[in-house]
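Inspection log for the structure reproduced underneath, given as structure tokens.
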Amino acid sequence: MTKASDLFVQALEAEGVDHVFGIPGEETLALLESLRDSGIRLVLTRHEQAAGFMAATWGRLTGRTGVCLATLGPGATNLVTAAAYAQLGAMPMLMITGQKPIRSGKQGHFQIVDVVDMMRPLTKYTRQLVSADAIPAQVREAVRRSQEERPGAAHLELPQDVASDETDAIVLPPVYSRRPLAEHKALDAAADAIRQARHPLLMIGAGANRKTTAKMLHALVEKLGIPFFSTQMGKGVLDETGPLWLGTAALSDGDYVHRAIDNADCIVNIGHDVIEKPPFWMQRGRRTVIHVNYSPAVADQVYFPQIEVVGDIANSVWQLAERLEPQAHWEFALFDRVRTALCDNIATLAADDRFPLAAPRLVAELGRQLAPGDITCLDNGLFKLWFARHARCRLPNTLLLDNALATMGAGLPSAIAAAIARPGHKVVAVCGDGGFMMNSQELETAMRLRLDLVVLVLRDDAYGMIKWKQSHEGYPEYGMDYGNPDFVRYAESYGARGHRVGALAELPGVLRTALDTPGVDLVEIPVDYGRDDDLLNRQIPEGAAAVG
């Protein structure tokens with residue numbers, strides 16, 4: 001006979017789990033003891049929300065289910081935002097929560113929340129384990145659901161008495177599964193539409209951010225020479241330093257890339273995810289839109305593709321490449337002018353010598369100091385838009401941003417998970433002062449784990465993006481300003497190194513020192529978003545409109 005908590009951990013090990021992020025509680029002590037005797041590493045965090053962000057990022061980077069642990073009641077409710085983060089962001093994650101004994105409770109309703117029902121709208125799968133015998137099947141199903149396309153969050157609740165039960169159940173053997181392939185008729189129709197187009201264009205979305213899909217897309221673009229752009233979460237799938245990159249759909253409209261979109265008569269959406277709004281307004285008769293994804297398109301007034309290629313994306317891209325050859329009538333002259341104008345605009349904005357710093361200058365300075373495989377993890381704020389627009393990613397999942405839930409507070413926890421998952425690569429968290437302070441306590445976690453990590457805190461002493469929107473919509477400034485600690489001394493209180501950029505000329509040297517010195521470094525950088533409204537809503541649209 002086997003103790004249920006031991007069987008639970010064995011089932012996790014059988015699914016390839018080697019890290020659990022979280023905070024144990026009284027109701028999960030049996031599970032904690034089983035973890036102690038296993039090969040799984042417990043990463044103790046300072047807040048359950050941060051543990052969830054870490055598990056989700058682990059899933060995003062590895063493709064395997066990231067696992068987080070919390071107790072009942074407030075521990076479980078603290079995972080709610082992380083559940084939505086993983087679910088909307090398509091990151092495979094399993095949340096494990098404890099619960100009071102379900103057969104003989106002695107504390108009434110103390111701390112009792114219906115966690116399973118609470119998680120239902122935020123997960124692909126949520127169950128309470130009522131029998132030790134059910135553990136192998138339930139763990140297998142939760143992990144399978146979290147990983148299968150479209151990936152997302154799953155949840156299992158393990159009551160205290162069930163965890164201590166004995167059982168003769170055994171772990172299920174590994175299973176081989178094959179993803180469904182697209183229909184040949186759909187592939188033929190898509191190939192014909194691309195072949196007949198005069199100005200075909202590829203859009204790379206979040207669903208394409210998979211290793212095999214990136215490889216197949218590279219081969220397709222190399223063979224056909226069709227230009228491409230990406231959504232924010234599709235960045236890095238294809239090398240953005242090459243001659244076919246047309247930009248990122250960071251703005252909703254009016255950017256240089258939208259000139260190319262307007263000119264295209266056939267747009268092939270590879271992995272477009274409805275969580276990310278389509279970066280164009282479809283108009284009947286204007287163009288053919290081809291949807292290539294694991295699942296059918298969700299029809300909407302702004303997105304109603306005429307052709308759908310539904311199945312494994314990597315295989316679909318490979319089959320399209322097999323069916324197509326470059327066409328003499330394809331014409332990309334406007335696309336070339338868009339690329340040139342966009343690159344000129346990015347270079348101009350990167351040369352901004354203001355101090356406090358303009359975000360485009362920071363993107364450029366950081367980009368010069370990071371290798372292609374290094375990872376930048378963004379919290380949410382106005383700076384995220386500039387990183388999405390200006391960063392030139394060469395590899396998938398090297399710019400981790402959240403354009404799905406777009407939650408604040410995830411930047412530092414995400415970077416901690418990245419540093420664990422990708423040892424040997426530089427990892428940088430970029431956070432606004434507001435987002436950083438939402439989970440800044442995880443600096444202690446990074447120090448305790450002896451991670452090599454750089455945290456850039458962009459200081460403007462306000463919720464800058466909302467303040468910018470407030471101004472753009474004509475409202476007077478109100479309610480957005482706050483105070484901050486001395487971030488250098490704050491970092492040092494955890495044992496980390498703190499740096500402060502006091503002038504633009506200091507930035508390259510401070511970044512280099514922080515990146516080259518092992519351990520945890522925090523860099524406070526004053527930023528200025530004062531010109532952003534004019535840049536984003538007047539200058540960039542005017543420049544894009546002038547591209548002939």
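Hey, any idea what the orientation-averaged projected area of the convex hull of the stretch 486-548's Cα atoms comes to, in nm²? Dividing the Cα hull surface by four gives the mean projection, 6.6 nm². Across the stretch 114-254, Cα-Cα pairs more than 25 Å apart make up 52 percent of the total.
Rg then Dmax, both in Å and based on the Cα atoms of the chain: 24.3, 78. For residue 223, the lysines whose Cα comes closer than 20 Å to its Cα, not counting residues fewer than 8 places off in the same chain, are 211, 215.
In the stretch 331-400, Rg over Rh equals 1.01, where Rg is the alpha-carbon radius of gyration and Rh the Kirkwood radius from pairwise Cα distances. Working note: Karplus 6.51/-1.76/1.60 with θ = phi - 60° gives the stretch 118-132 the couplings 4, 7, 4, x, 10, 9, 7, 7, 8, 8, 9, 7, 9, 8, 4 Hz, where Gly and Pro are set to x.
Pairs of alpha carbons in the stretch 361-419 separated by more than 14 Å make up 53% of all such pairs.
Annotation: amide H of residue 459 within the under-5 Å range of 525, 527, sequence separation 5 or more or interchain, hydrogens built in the peptide plane.
Under 5 Å between amide hydrogens, built in the peptide plane, is the criterion, and for residue 380 it picks out 409, 410, 411, 432 among residues at least 5 positions away or on other chains. For the residue pairs 277/469; 124/235; 100/124; 277/467; 384/426, alpha carbon separations beyond 21 Å are given by 124/235; 100/124; 277/467.
Between amide H atoms placed 1.01 Å from N, distances below 5 Å from residue 67 occur with 21, 94, all of them 5 or more places distant or on a separate chain. Multiplying the residue separation of residue 531 and residue 44 by 0.36 nm and removing their Cα-Cα distance gives an extension gain of 171.1 nm. In terms of packing, defined here as the mean over residues of other Cβ atoms within 10 angstrom, the peptides 429-437, 318-326, 383-391 line up highest first as 429-437, 383-391, 318-326. Each of 452, 521 was scored by other Cβ atoms within 10 Å of its Cβ. Arranged with the fewest first, they read 452, 521.
Beta bridges from DSSP with both residues in the chain: antiparallel share about 5 percent, rounded to the nearest 5. Exposure proxy ranking for 313, 270, 416, based on other Cβ atoms within 10 angstrom of each Cβ and starting from the fewest, stands as 313, 270, 416. Scaling against 2.2 N^0.38 Å puts the C-alpha radius of gyration of the stretch 184-338 at 0.92.
Counted by neighbouring Cβ atoms within 10 Å, the residues 407, 248, 212, 376 run from fewest to most as 212, 407, 376, 248.
Compute and list, largest first, the equivalent-ellipsoid semi-axes of the stretch 355-530 from the alpha carbon gyration tensor, each √(5λ) rounded to a whole angstrom.
So the three semi-axes of the stretch 355-530 are 24, 18, 16 Å.
Dividing the mean sequence gap of close Cα pairs (under 8 Å, 6+ apart) by how many residues the stretch 2-167 holds gives a relative contact order of 28 percent.
Its Cα gyration tensor gives the stretch 1-58 an equivalent ellipsoid, and the semi-axes of that ellipsoid, as √(5λ) in whole Å with the largest first, are 20, 14, 8. For the stretch 68-145, the fraction of alpha-carbon pairs lying more than 19 Å apart is 37 percent, rounded to a whole number. At q = 0.25 Å⁻¹, what is the base-10 log of I(q)/I(0) for the stretch 294-364 according to the Debye formula with one equal point scatterer per Cα and no solvent? Please give it to two decimals. The Debye formula, applied to the Cα set alone, gives -1.04. With the simple model of a label 7 Å out from the Cα in the direction of the Cβ, residue 130 to residue 102 spans 0.6 nm.
Read-outs throughout are calculated quantities, based only on the coordinates presented, and are distinct from any laboratory measurement. These figures come from a predicted structure and were not determined experimentally. Glycine also receives a Cβ, built like all others from the backbone with ideal geometry; neighbour counts cover every protein chain displayed.
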